[in-house]
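Everything on this sheet refers to the single structure shown next.
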Amino acid sequence: MSSDGENEDFEFEDDDYDEDGFGTEDMDSASEPDAFDALSPNVDDGPPKKPYDVAYKILDLDQITAKQQGIIDDVVSLLAVPMSTASALLRHFSWNREKLQEAYWTDPDSALLAAGLDAPSSPSQSSKSLPQSSQLQSFECPICFSDYEGKSASQDTFSMGCGHRFCNTCWSEYLKGKVKDEGESGRIQCMESGCKHAINAEMVDALSSGDVSRRYKELLVTAFVSDSPDLRFCPHPECQYTIQCTQAPARMLTQLVPTVECLCKRPLCFGCGYADSHRPVICKIVKYWEKKCADDSETSNWLSANTKECPKCNSIIEKNGGCNHMTCKKCKWEFCWVCMGPWTEHGTAYYQCNRYDEKSGLEARDAQTRSRADLERYLHYFNRWANHTQSAKLDTEFYAKTERKMEVMQHQANLSWIEVQFAKEAMDVVVKARITLKWSYCMAYYLQRNNQTELFEDNQRDLEGAVENLSFLLESNIGDVEEIAKLRLDVTNQAAYVQKRHEILLDDTLRGYMEHRWKFSVDV
């Protein structure tokens, strides 16, 4: 009983769908996560989207820097502090303006000191005891013990507001180590032991080389993006873009899968940063699944299913013969391999066990049966998950063959380039649907059995059948002109059907999350 995607509580127009499935138009940057409504995707100025889509926009480095500077300017205006002070405060409070404002208005001195800055009403004691640079006649660097006399004592040395002075060479080496070796930017402190005075960007520019200064600015941007809940770097190494999305706060990640597509044309999950789409399953279930597939838990399952533990000392035993009379090499306990009961209760029944219902072996048998059943269930879903992973990869590799096939069709049937694009467009539909099918098996593994699970599996089956039919059509051999025309019609119709079934599965899954229809076997 497949879902038809209809529900009177949800009203969407047919044209509320972007063919690509993802929007990259500018959104209202003033939108706050608290204003999120998963079923009202039209919060930006771009085209409407499907209910399972989120609005987002793509930012380059210049736009990120401008956004960062805009926040700094707001704090400068609001708190009436210098730009360097506003920057340091924002870094300390992880670019959370509300948290910064509350702390600063409650106790300005405490907020400044916590950020490693001078508090006007609490002057540094060390700055009182040490001479100013204009008064210096000589100076010995406490790190390298170099002597500086006359003008060099002030020109070739530096101290912050805390008053701790060191030579410029030591400062430069210190900053190089912090920035280039340790990747530090948010809170580089004074070199004096125990001093928490923070170094700002102007000091880094003045005291370090150009490459260190550039790296420092890159790290500041990285920290800004990492601290901003509405920003996420594209995870693909060669891509330099950042995605902004205000519709995926952490509290909503149990009810939606915020898939976005970067300008590099690759999808990712904005919620967890997974470098691909993992619809329809939520982020937390993906983490459970990846851990299950990667750790040694399945090795343990195999051992439990193919070996048995000694009922006495729990040592692992693998049967290597036909006799059911087992003797543990470790503790010498004798037991029956079939029922796990003590062998002394079996009399002379050496080669067959007629005491299967004996209470003494019941618990051991039940544990063995459960372990074997768990393993078989896991392998059922894992094999299908892995199969669609491999099929999606093969379909992607089939792109090159598809392009050659399109050229042949173009020449044989005297078609235009646009007219033969149906094959490539259909292949896009197949690959996206296979990724969804892949993760649908992950979701099905953790779903508790009920009527809603059967509905989900019906939608899964319908989409899977449609995808296989379309994939078969795309691999058909090209014949004469009449066959090409028929193939084009068949592929176009089947691709539309796959897309419809794909939308139904995703739409119904979202409704299930929002209506709390899905019950999982793990904590989400």
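Computed from the coordinates by the stated procedures, all read-outs in this text should not be read as laboratory data. Bear in mind the structure is a predicted one, so any value in this text is a computation, not a measurement. Counting neighbours? That spans all protein chains shown, and the Cβs are built from the backbone with ideal geometry, glycine included.
Just a few scattered comments:
- Karplus-based coupling profile of the stretch 454-460, in residue order and whole Hz: 5, 5, 4, 5, 5, 5, 4, with θ = phi - 60° in 6.51 cos²θ - 1.76 cosθ + 1.60 and x standing for Gly or Pro.
- Long pairs among Lys50/Lys284; Lys57/Lys287; Lys176/Lys284, criterion Cα-Cα beyond 31 Å: Lys176/Lys284
- Listed values for the stretch 508-515 are Karplus-derived 3J(HN,Hα) couplings in whole Hz (6.51 cos²θ - 1.76 cosθ + 1.60, θ = phi - 60°), namely 5, 5, 4, 4, x, 5, 5, 8, and x replaces Gly and Pro.
- Selection among Asn414, Tyr446, Asn459 by position relative to the dipole of the stretch 367-514 gives Tyr446 as farthest towards the positive end (Cβ unit charges, Cα centre).
- Lysines whose Cα lies under 25 Å from that of Lys312, excluding same-chain neighbours fewer than 8 positions away: Lys329, Lys330, Lys332, Lys359
- Three-way shape call for the stretch 63-225 based on the alpha-carbon gyration tensor, with the a/c threshold at 1.5: oblate
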